[in-house]
Amino acid sequence: MADYDVVIIGGGPGGYNAAIRAGQLGLKAACVEMRGTLGGTCLNVGCIPSKALLHASELYEMARKDFASLGIIAEAKLDLPAMMTQKGQSVDTLTKGIEFLFRKNKVDWIKGAGRLAGPGVVEVEGEGGVTTLKTKAVVLATGSEPSPLPGVEVDQGRIVDSTGALSLPEVPKRLVVIGAGVIGLELGSVWRRLGAEVTVVEFLDRITPSLDAETAKTLQRALTKQGMTFELGVKVTGAKVKKAGVTLSVEPAAGGEARTLEADYVLLAIGRRPVTRGLGLETVGVKTDARGFIETDHFATSAPGVYAIGDVTHGPMLAHKAEDEAVACIETLAGHAGHVNYGVIPNVIYTYPEVATVGATEEELKAQGIAYKSGKFPFTANSRAKVNHEAEGFVKVLADAATDRILGVHMIGPSVSEMIGEYCVAMEFGAASEDVARTCHPHPTRSEALRQAAMGVEGWTMQA
Ligand code: FAD
Ligand code: NAI
């Protein structure tokens, strides 16, 4: 007799959503998590603390630089320990919320490090020794960790990864960020707003490689205007930690003369890799690919009764992707028809301005030979954005040239993270751009720009 219907290893957005959905569907579920709190990377050292600092630092910068233009005279002073404390309080509240949901849905939290120990058997090494759990199914949701860079050793002192960069003890005078991806730009923005000189070193000749090229260029221009410096096409070959800083050796990625960059702190953010060490994958024959990601087909791994979801498998490393996979995986296990639409997973960068995208980029459509029409609307022509003095950016809609079905949407501008959901719903319903163009939107709101961009696909944009 199995102790459980399902044992989930990992308590992040993949794992905790799987556990809660299992409880809701009447399955006897346990979630194994070795961290002292539930919520995984996202709640403890990812989405939540980074957004807490992005919000606070954005208000600090607005108070110092933008309030005067609205007729408000404010004197803003930074209290870094207090800013860090409120960040910690948000994390605390949210991780405790997951514990509450576990109790409510009768999910057992087994504290410790889990590993597969044979078909239907999970061993958990915790404080009190090893516990053996018997289960009908196992879901692996062990997530990801920062990728290392040989020669640049993270010590969480002078050279930090994203976790260290969320808790620096002081505002650096000079911060060098390695990697112009999402983490580099978000956390680089936090420390620049708080007063650091930030230089971002990127191996490629552009920032955010997977983003629509026009949107990425606009973001780089905006961040440069704010004072961030970019060194593109540059590779870091080594780092020397001194008492009060770091000397980085860099050279052109294409080859050329080496030089050095000085920094008080260095943030290494060149991507993340799956966590599978010590998981006992070999005991039941779970296959991984060359980069260590667990291979799956509709969440099923190569071992019977073992499933995998979230960052440890293929696809975008995003909390909402892990959450959708969790729900679909458990619903499938419980005999329902769970599904994930990988074509409609939004992606947001929480800089200022924000970037929010869903679906295909222009580059992807061109590469696939798909004929498309596009409509674009700048926030400079949107009344709400203008009166708020926040008119940077645009909305761009890409629609199939033959059917008008929406294929991709790319936005850059303040608060676009809160607006992309409208296009996600439209795309889930297979909408044409005309469906959005003919939907009444409230005036004056930034959301009118969504409609105007859709109207632009057929060339009848009206607001100016
Ligand atoms: P994780 O959240 O990594 O959780 C895995 C859990 O498994 C961990 O708690 C780990 O301790 C546990 N674990 C691992 N091995 C074992 C074991 N053997 N036994 C027991 N427990 C184990 N995504 C977004 O969508 N939006 C954002 O704004 C965003 N911001 C981010 C900011 C930062 C700085 C970072 C680093 C990431 C951010 N992400 C964001 C990405 C997001 O955090 C991940 O995509 C998400 O957490 C993946 O969920 P997961 O459940 O697959 O894995
Ligand atoms: P990333 O993949 O977004 O960006 C890494 C960048 O580093 C790329 O531009 C890459 O070309 C560059 N790079 C790689 N090797 C390099 C080298 N040796 N030298 C210089 N540059 C190099 O990875 P990042 O920023 O670490 O984030 C990891 C993941 O976390 C993201 O892919 C995302 O899925 C998730 N995340 C999501 C957030 C969000 O949704 N807002 C926020 C933060 C993280």
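The values are calculated or read from the model by the stated rules, or taken from the named source; none is laboratory data. Just so we're clear, the structure is a prediction, and the values are computed from it rather than from any experiment. Heads up, the Cβs are rebuilt from the backbone with ideal geometry, glycines too, and the neighbour counts pull from every protein chain shown. The accessibility values were calculated without ligands, DNA or RNA, using every heavy atom of the protein model including side chains. Shrake-Rupley method; radii C 1.70, N 1.55, O 1.52, S 1.80 Å.
Can you tell me how many residues in segment 233-249 are in contact with a Lys or Arg (Cβ under 7 Å, 6 or more places away or on another chain) and crowded, with 16+ Cβ neighbours inside 10 Å?
2
Please work out which residue is nearest to residue 10 (Cα to Cα), limiting yourself to segment 250-277 and to residues that are surrounded by fewer than 14 Cβ atoms within 10 Å (Cβ to Cβ) and among the hydrophobic types (A, V, I, L, M, F, W, C).
Only one residue fits best here, namely 254.
Here is a check on your reading of the model: is residue 116 buried (at least 21 other Cβ atoms within 10 Å of the Cβ) and either among the polar types (S, T, N, Q) or farther than 25 Å from residue 226 by Cβ (or both)?
So residue 116 fits the description; yes.
May I ask you to list the residues in segment 7-27 that are more than 20 Å from residue 125 (Cβ to Cβ) and within 16 Å of ligand 1 (Cβ to nearest atom)?
13, 14, 16, 17, 18, 20, 21, 22 - these are the residues of segment 7-27 that are more than 20 Å from residue 125 (Cβ to Cβ) and within 16 Å of ligand 1 (Cβ to nearest atom).
Could you figure out which of (1) surrounded by fewer than 19 Cβ atoms within 10 Å (Cβ to Cβ); (2) within 20 Å of residue 453 (Cβ to Cβ); (3) among the acidic types (Asp, Glu) isn't true of residue 354?
(1)
Confirm whether residue 130 is crowded, with 19+ Cβ neighbours inside 10 Å and among the β-branched types (Val, Ile, Thr).
no
I'd like the residue in segment 413-440 that is within 22 Å of residue 217 (Cα to Cα) and of a type in the set (Ser, Thr, Tyr) and, out of all such residues, is least open to solvent (accessible area, probe 1.4 Å).
Among those that are within 22 Å of residue 217 (Cα to Cα) and of a type in the set (Ser, Thr, Tyr), it is 417.
Can you name every residue in segment 46-68 that is within 18 Å of residue 182 (Cβ to Cβ), in contact (Cβ under 8 Å) with a residue 12 or more places away in the chain and open to solvent by 40 Å² or more (accessible area, probe 1.4 Å)?
Those that are within 18 Å of residue 182 (Cβ to Cβ), in contact (Cβ under 8 Å) with a residue 12 or more places away in the chain and open to solvent by 40 Å² or more (accessible area, probe 1.4 Å): 47, 48, 51, 58.
Find all pairs meeting these conditions: Cβ atoms under 8 angstrom apart; at least six residues apart or on different chains; first residue within segment 144-168 and away from ligand 2 (no atom under 14 Å from the Cβ); second residue assigned to a loop (DSSP other than H, G, I, E, B).
158/264
Could you check segment 180-219 and list, in sequence order, the residues that are open to solvent by 50 Å² or more (accessible area, probe 1.4 Å) and at negative phi?
Within segment 180-219, 182, 183, 197, 203, 204, 205, 206, 209, 210, 214, 217 qualify.
Which one is nearest to residue 29 (Cα to Cα) among residues in segment 138-179 that are surrounded by fewer than 19 Cβ atoms within 10 Å (Cβ to Cβ), of a type in the set (Gly, Ala, Ser) and touching a strand residue (DSSP E or B) at 6+ places or on another chain (Cβ under 7 Å)?
Per the stated criteria, the residue is 147.
Quick one: in segment 300-338, which of the residues that are buried (at least 23 other Cβ atoms within 10 Å of the Cβ) and without any contact (Cβ under 8 Å) to a residue 60 or more places away in the chain is nearest to residue 98 (Cα to Cα)?
Applying the filter and picking the extreme gives 324.
Since residue 75 meets every condition but one in (1) charged (D, E, K, R); (2) surrounded by fewer than 18 Cβ atoms within 10 Å (Cβ to Cβ); (3) in a helix (DSSP H, G or I), which condition does it not meet?
Exception for residue 75: condition (3).
Within segment 308-354, track down each residue that is in a loop (DSSP other than H, G, I, E, B) and among the hydroxyl-bearing types (Ser, Thr, Tyr).
Correct list: 350, 351, 352.
Residue 289 fails exactly one of the following numbered conditions: (1) open to solvent by less than 50 Å² (accessible area, probe 1.4 Å); (2) farther than 23 Å from residue 146 by Cα. What is the number of that condition?
Every condition holds for residue 289 apart from (2).
Restricting the first residue to segment 263-291 and requiring it to be within 11 Å of ligand 1 (Cβ to nearest atom) and β-branched (Val, Ile, Thr), which pairs with a second residue that is part of a loop (DSSP other than H, G, I, E, B) and open to solvent by less than 60 Å² (accessible area, probe 1.4 Å) meet a Cβ separation below 7 Å and a spacing of at least six or different chains?
275/142; 275/143; 276/142; 276/292
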